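Worksheet: one structure, shown below.
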Amino acid sequence: MIEQYFPLGIAEGESFLGREKEIQRLISNIHAGVHTLIISPRRYGKTSLVKHVIGLLKFSHVEIDLFIAQNEFSIEQKFLKGIQGIMAQIESPEKWLQSLIKFFKKSKKTWSVGIKGLKLELIPENHQDVPENILEALQALEHILAEKKLRAVIFIDEFQEIANIKISRAIEGAIRHFAQSSKHVIFIFSGSRQHLLKYMFEDKSRPLYALCDQIKLARLLPEDYFEYLQTVSKKTWKKTLPDTVFEEILEITECHARYVYYLCMKLWEQAALSKNIPTVEDVINVWQSIIQERLKDTRELLLKRAPGQIKILSLLSFGYTQVLSGRVAQSKLEMSGSAIVQALKILEEDDYIEKTEEGTYQIIDPLLKSILSQYGADYFNNY
Ligand SMILES: Nc1ncnc2c1ncn2[C@@H]1O[C@H](COP(=O)(O)OP(=O)(O)O)[C@@H](O)[C@H]1O
Ligand SMILES: [Mg+2]
């Protein structure tokens, strides 16, 4: 039950909160045939948002998750499977199989198209030209959708993984070629390496440049959580949560979607045992226990970073908000201005920090921030 209230995976149903503007924007993009890129650090709620919106609409759709796509062949496989998945949603295969076979007859390549059980099988003659195979399969999908006057959404998650593939540019080129003229397929791209994605979609020399409307997901707001946590509290203890407790939860987690639910899950688990509504002290204690749980991993993670980067993260965790490359910070960090700028660039590229609207930097992971604010001083003595 508690895991349903506070899912650590996809937020769905009642546990999906806020995001009204983003939902509207994504829906209107889909209706208007505008492709969208959703961008944010990991665990801000990209996948949940897209799944939520797709669930509200009646379009055929498929999710292609490129997480750990190892090479171009597995990418091709995922695309073909996705395309077959959409076709399976259209209607019974007899209705479009002949048309599909005809379409492939005109193609330069030989495809075998058949039905196995109730499932469409789409197999290219060879895998020498993966981008071309992906393009043709997409064109075949477009052909069928056009005939049926239908539209479909293809959601490609963890899209940055394409960048690891040798022929990434050619695959991006194939997607571009198709997507810019397609009238029946709408793409939603999403992923968590912001720096890579920005490069893929914002660099003029890249195939996907200016293809998409971009939605940048920020954190949810305290008001997004208020009613929901109150409802769950009433269900659990027949009482509302004291304001101070609510505020502590959101202050400690800094409204980071994943940590809000993780902290709440632990808090509820503990308080359900004692049958008492949690106090501010409970919130702090549970957060401390999460810190202890993650301390070893975090230390190991930090060991892989350059000392300068750790010092900068520590300084940020102490609440330092002045210009980081300025004189005062230089002497605190014992680093030159240019070394600081360089370290900030790497930390930003690796999604450790992000720029706030005020132009200062913040640590993305609130747990890392808490750990460094408690233990970070050590790093200053050690280096
Ligand atoms: N709209 C939302 N409301 C509340 N919690 C959310 C929302 N979106 C995501 N979460 C929570 O945030 C965490 C990460 O969600 P996920 O969609 O996997 O993020 P991402 O795809 O950005 O990594 C999960 O614990 C999920 O339950
Ligand atoms: Mg995701």
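Quick one: is Ala88 more than 16 Å from ligand 2 (Cβ to nearest atom), small (Gly, Ala, Ser) and open to solvent by 70 Å² or more (accessible area, probe 1.4 Å)? I'd like the intermediate steps shown before the answer.
Working: more than 16 Å from ligand 2 (Cβ to nearest atom): yes; small (Gly, Ala, Ser): yes; open to solvent by 70 Å² or more (accessible area, probe 1.4 Å): no.
No, not satisfied.
Might you check whether a residue that is of a type in the set (A, V, I, L, M) and either under 18 Å from Lys148 (Cα atoms) or open to solvent by 10 Å² or more (accessible area, probe 1.4 Å) (or both) occurs anywhere in the stretch 40-51?
Residues of the stretch 40-51 that are of a type in the set (A, V, I, L, M), as a first pass: 49-50.
Checking which are either under 18 Å from Lys148 (Cα atoms) or open to solvent by 10 Å² or more (accessible area, probe 1.4 Å) (or both) leaves us with none.
Looking for residues that are of a type in the set (A, V, I, L, M) and either under 18 Å from Lys148 (Cα atoms) or open to solvent by 10 Å² or more (accessible area, probe 1.4 Å) (or both), one finds none in the stretch 40-51, hence no.
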Looking only at residues that are of a type outside the set (A, V, I, L, M, F, W, C) and in a loop (DSSP other than H, G, I, E, B) in the stretch 110-147, which one is surrounded by the fewest Cβ atoms within 10 Å (Cβ to Cβ)? Gly117
Val53 vs (1) at pLDDT below 95; (2) within 16 Å of ligand 2 (Cβ to nearest atom): all pass except (1)
Yes/no for Gln330 being surrounded by 15 or more Cβ atoms within 10 Å (Cβ to Cβ), assigned to a helix (DSSP H, G or I) and modelled with pLDDT under 95: yes
Listed by first then second residue, the pairs whose first member lies in the stretch 181-203 and is more than 22 Å from His61 (Cβ to Cβ), whose partner is outside any helix (DSSP H, G or I) and within 15 Å of ligand 2 (Cβ to nearest atom), with beta carbons under 8 Å and at least 6 positions apart or on separate chains, are Arg193/Asp351; Gln194/Ile39; Gln194/Ser40; Gln194/Pro41; Gln194/Asp351; His195/Asp351; Lys198/Ile39
Against the conditions (1) farther than 25 Å from Glu357 by Cα; (2) crowded, with 20+ Cβ neighbours inside 10 Å; (3) without any contact (Cβ under 8 Å) to a residue 60 or more places away in the chain; (4) aliphatic (A, V, I, L, M), where does Leu211 fall short? Just the number, please. (3)
Please determine, by comparing only the residues of the stretch 184-242 that are away from ligand 2 (no atom under 16 Å from the Cβ), under 20 Å from Ile171 (Cβ atoms) and assigned to a helix (DSSP H, G or I), which one is farthest from the chain's Cα centre (by Cα). Glu202
Answer from Leu217, Leu229 - the residue that is open to solvent by less than 10 Å² (accessible area, probe 1.4 Å) and either among the charged types (D, E, K, R) or free of Cβ contacts under 8 Å to residues at least 40 places away in the same chain (or both): Leu229
Can you find a residue that is assigned to a helix (DSSP H, G or I), among the aliphatic types (A, V, I, L, M), over 18 Å from Gly191 (Cβ atoms) and within 16 Å of ligand 1 (Cβ to nearest atom) anywhere in the stretch 41-56? yes
I'd like the full set of residues that are within 16 Å of ligand 2 (Cβ to nearest atom) and open to solvent by 10 Å² or more (accessible area, probe 1.4 Å), limited to the stretch 148-159. Glu158
Any residue in the stretch 257-277 that's touching a residue at least 40 places away in the same chain (Cβ under 8 Å): show its pairings with residues that are among the acidic types (Asp, Glu) and part of a helix (DSSP H, G or I) at Cβ separation under 8 Å, as long as the two are six or more apart or on different chains. Met265/Glu3
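Asn71: among the polar types (S, T, N, Q) and either within 30 Å of Lys198 (Cβ to Cβ) or within 16 Å of ligand 1 (Cβ to nearest atom) (or both), yes or no?
On the way: among the polar types (S, T, N, Q): yes; either within 30 Å of Lys198 (Cβ to Cβ) or within 16 Å of ligand 1 (Cβ to nearest atom) (or both): yes.
It is true that Asn71 is among the polar types (S, T, N, Q) and either within 30 Å of Lys198 (Cβ to Cβ) or within 16 Å of ligand 1 (Cβ to nearest atom) (or both).
The values are calculated or read from the model by the stated rules, or taken from the named source; none is laboratory data. On a predicted model such as this, the values are computed, not experimentally measured, just so you know. For neighbour counting, all protein chains shown are included, and Cβ atoms are generated from backbone atoms with ideal geometry for every residue, glycine included. Heavy atoms of the whole protein, side chains included, go into the accessibility calculation; ligands, DNA and RNA do not. Shrake-Rupley method; radii C 1.70, N 1.55, O 1.52, S 1.80 Å.
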